[in-house]
Amino acid sequence: MPAPAAPSPDTGPVHPRGPVPRMLVAVLGIVGLEALAMIVFAGAVLVELVGGGSTSLGVSVFIVLFFLGLAWLLLGCGLAVRRGRRRGRTPLAGWQVFQGIIGLSLLTAGTSAAVVGGLALVLLAAVALCGLMTRSVVEHTAA
């Protein structure tokens with residue numbers, strides 16, 4: 001049995017289906033950043049809840065569980081796409097559209113922090129969504 005091929009500096013890590021496309025590595029980086037943000041937001045709500053800053057236990061618990069569940073979904077779909085499975089592309093694309101809509105709404109919020117945050121959300125979502133649609137990523141997940 002031949003030894004596995006070494007990673008090429010042009011293509012990134014080696015995958016059983018072939019090298020993982022650079023664009024997919026970039027998309028997975030963005031998805032990982034988004035998942036990390038969800039975990040941080042969940043932690044912030046949890047700190048607020050424990051510190052007595054929250055007036056509604058049920059809503060705070062729901063938000064924490066929602067953010068953690070969303071992070072889990074993003075990471076799971078990213079792993080599926082990395083492994084060459086196409087089933088992870090659709091939820092990731094759907095999240096990018098939803099995130100872009102949230103970012104656009106923040107652009108009209110008025111405060112400079114909201115505008116900067118909205119711009120970052122829109123740019124990340126656009127890059128990830130376009131990256132998911134590139135030929136190399138689609139071919140990587142075509143089977």
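The values are calculated or read from the model by the stated rules, or taken from the named source; none is laboratory data. Remember, predicted model here, so these are calculated numbers, not experimental data. Backbone-built Cβ (ideal geometry, glycine too); neighbour counts: all protein chains shown.
Which ones in the range 84-132 are closer than 20 Å to residue 73 by Cβ and aliphatic (A, V, I, L, M)?
Within the range 84-132, the first condition is being closer than 20 Å to residue 73 by Cβ, and the residues that meet it are 84-103, 121, 124-125, 127-129, 131-132.
92, 93, 97, 101, 102, 121, 124, 125, 127, 128, 129, 132, listed by residue number.
Are any residues in the range 83-104 farther than 17 Å from residue 127 by Cα and either modelled with pLDDT of 95 or more or touching a Ser or Thr at 6+ places or on another chain (Cβ under 7 Å) (or both), and if so, which ones?
Residues satisfying the conditions are 84, 85, 86.
For residues in the range 65-124 being of a type in the set (Phe, Trp, Tyr) and more than 15 Å from residue 33 (Cβ to Cβ), which is farthest from the chain's Cα centre (by Cα)?
Once the filter is applied, the top-ranked residue is 66.
Which condition from (1) over 30 Å from residue 138 (Cα atoms); (2) at pLDDT 95 or above; (3) surrounded by 13 or more Cβ atoms within 10 Å (Cβ to Cβ) is the one that residue 31 breaks?
Here residue 31 meets the rest and fails (1).
Please tell me if residue 84 is farther than 21 Å from residue 22 by Cα, surrounded by 15 or more Cβ atoms within 10 Å (Cβ to Cβ) and either among the small types (Gly, Ala, Ser) or touching a Gly at 6+ places or on another chain (Cβ under 9 Å) (or both).
no
Output the number of the condition that residue 101 fails; it satisfies all remaining conditions of (1) touching a residue at least 60 places away in the same chain (Cβ under 8 Å); (2) surrounded by fewer than 19 Cβ atoms within 10 Å (Cβ to Cβ).
(1)
Could you give me the residue pairs with C-beta distances under 9 Å whose first residue belongs to the range 68-87 and is under 25 Å from residue 44 (Cβ atoms) and touching a residue at least 24 places away in the same chain (Cβ under 8 Å), whose second residue is crowded, with 18+ Cβ neighbours inside 10 Å and charged (D, E, K, R) wherever it lies, and which are 6+ apart or on separate chains?
Final answer for the pair search is 70/34; 71/34; 74/34; 77/89.
So which residues in the range 82-105 are out of contact with any Leu (no Cβ under 8 Å at 6 or more places or on another chain) and assigned to a helix (DSSP H, G or I)?
86, 87, 90, 94, 98, 101, 104, 105
Would you mind finding the one in 3, 42 that is assigned to a helix (DSSP H, G or I) and either modelled with pLDDT of 90 or more or farther than 13 Å from residue 141 by Cβ (or both)?
42
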